[in-house]
Amino acid sequence: MSNVIVHPDAASAAAAVAASVAQVIRDARRQDRKAVLGLATGLTPLPFYRELVRLHREQGLSFADVITFNLDEYEGLAGSHPQSYRRYMDEHLFSQVDIPASATHVPDGTAADPEQACRDIEDAIRRAGGVDLQILGIGRTGHIGFNEPPSLRESRTRRVVLDETTRRDNSVFFGNIESVPRAALTMGIATILDARRIELLAFGRGKAEIVRRARQEKPGPDCPATWLQDHGACTFHLDPESASGSAI
């Protein structure tokens with residue numbers, strides 16, 4: 001069973017996870033190696049990225065020797081597209097800290113060969129020595145990354161078709177559901193579970209039921225987030241509303 005911390009609010013949760021990231025970066029530096037971070041996108045991580053930027057500006061947290069891998073990207077969106085996850089990361093983190101562009105990895109949504117692009121991500125993670133700390137959100141379908149149900153535990157980075165619930169939820173960013181891509185490239189469940197530590201953020205009453213399912217249902221493909229129960233170092237960071245349906 002994953003650990004759970006209920007924070008007073010989203011800002012407190014974000015600060016706690018950002019502090020964990022800072023510690024991972026500093027520990028890796030002391031070991032004379034690069035820290036490897038797995039990153040997520042969406043509304044939920046925004047306060048987390050704001051806190052990382054604050055730590056960089058006010059406390060001198062350097063990202064100069066950090067390598068990052070993002071969970072996913074929409075198929076068909078170039079990195080310059082306003083709703084691409086590359087654009088999101090550039091806006092909310094990469095352009096505001098001292099991380100080298102060459103150290104940031106976001107799946108290529110316009111790759112001519114998506115399968116090869118997915119293999120390239122897996123290879124790059126292995127060359128980097130694996131992910132030290134993976135940041136996750138959770139979707140109402142139980143998806144982590146864009147691993148929609150059903151997703152097998154042994155799945156690796158791949159192309160997926162997005163659930164209509166996910167497309168409706170994400171249409172707020174695009175203006176209408178017709179503009180939301182129907183597919184994406186995503187790290188797989190096995191790729192996520194390979195991370196040495198996982199920190200999941202979930203806020204608001206709308207996430208309470210899926211948090212409950214992720215923690216209490218038997219692990220299986222119909223709720224991909226349940227696979228996190230198999231990880232020995234996974235922590236859910238919740239606010240009181242998202243924790244309201246979960247037995248802590």
Next on the checklist: Considering only residues that are farther than 27 Å from Val161 by Cβ, assigned to a loop (DSSP other than H, G, I, E, B) and free of Cβ contacts under 8 Å to residues at least 40 places away in the same chain, which ones fall in segment 91-132?
Outcome noted: Ile99, Pro100
Checklist outcome for this item: Of the residues in segment 1-24, those that are under 15 Å from Phe236 (Cβ atoms) and outside any strand (DSSP E or B) come to Met1, Ser2, His7, Ala10, Ser12, Ala13, Ala14, Ala16, Val17, Ser20
Checklist entry - Looking at this structure, is Arg153 among the basic types (Lys, Arg), in contact with a Leu (Cβ under 8 Å, 6 or more places away or on another chain) and not in a helix (DSSP H, G or I)? => result yes
Item to check | Odd one out for Thr41 among (1) in a helix (DSSP H, G or I); (2) crowded, with 19+ Cβ neighbours inside 10 Å; (3) of a type outside the set (Phe, Trp, Tyr) | outcome: (1)
Checklist entry - Only one residue in Phe69, Phe63 is closer than 24 Å to Ile189 by Cα, aromatic (Phe, Trp, Tyr) and not in a helix (DSSP H, G or I), so which one is that? => result Phe69
Checklist entry - Which of the residues belonging to segment 201-248 are of a type in the set (Val, Ile, Thr) and modelled with pLDDT of 95 or more? => result Ile210, Val211, Thr226, Thr235
Checklist entry - Mind checking whether some residue in segment 58-79 is under 23 Å from Arg156 (Cβ atoms) and among the aromatic types (Phe, Trp, Tyr)? => result yes
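Condition check ((1) touching a His at 6+ places or on another chain (Cβ under 6 Å); (2) at pLDDT 95 or above; (3) farther than 28 Å from Ala22 by Cβ) across all residues:
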position	(1), (2), (3)
Val97	yes, yes, no
Asp108	no, yes, yes
Ile121	no, yes, no
Gly142	no, yes, yes
Glu178	no, yes, yes
Leu193	yes, yes, no
Checklist entry - Does Gly145 count as surrounded by 21 or more Cβ atoms within 10 Å (Cβ to Cβ), of a type in the set (Gly, Ala, Ser) and either out of contact with any Phe, Trp or Tyr (no Cβ under 7 Å at 6 or more places or on another chain) or assigned to a helix (DSSP H, G or I) (or both)? => result yes
Checklist entry - Can we say Tyr49 is within 27 Å of Val161 (Cβ to Cβ) and surrounded by 15 or more Cβ atoms within 10 Å (Cβ to Cβ)? => result no
Item to check | Matching residues, segment 168-220, being surrounded by fewer than 17 Cβ atoms within 10 Å (Cβ to Cβ), outside any helix (DSSP H, G or I), touching a Leu at 6+ places or on another chain (Cβ under 9 Å) and not charged (D, E, K, R) | outcome: Ala183, Pro219
Item to check | Subset of segment 105-123 (residues that are among the hydrophobic types (A, V, I, L, M, F, W, C) and under 23 Å from Val36 (Cβ atoms)) | outcome: Val106, Ala111, Ala117, Cys118, Ile121
Next on the checklist: What's the number of the only condition in (1) within 22 Å of Ala15 (Cα to Cα); (2) in contact with a His (Cβ under 6 Å, 6 or more places away or on another chain) that Leu200 fails to meet?
Outcome noted: (2)
Checklist entry - Which condition breaks for Leu61 when tested against (1) more than 18 Å from Asp120 (Cβ to Cβ); (2) of a type outside the set (Val, Ile, Thr); (3) surrounded by fewer than 19 Cβ atoms within 10 Å (Cβ to Cβ)? => result (3)
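The values are calculated or read from the model by the stated rules, or taken from the named source; none is laboratory data. This is a predicted model, so every value here is computed, not measured. Positions of Cβ are backbone-derived with ideal geometry, glycine not excepted, and every protein chain shown enters the neighbour counts.
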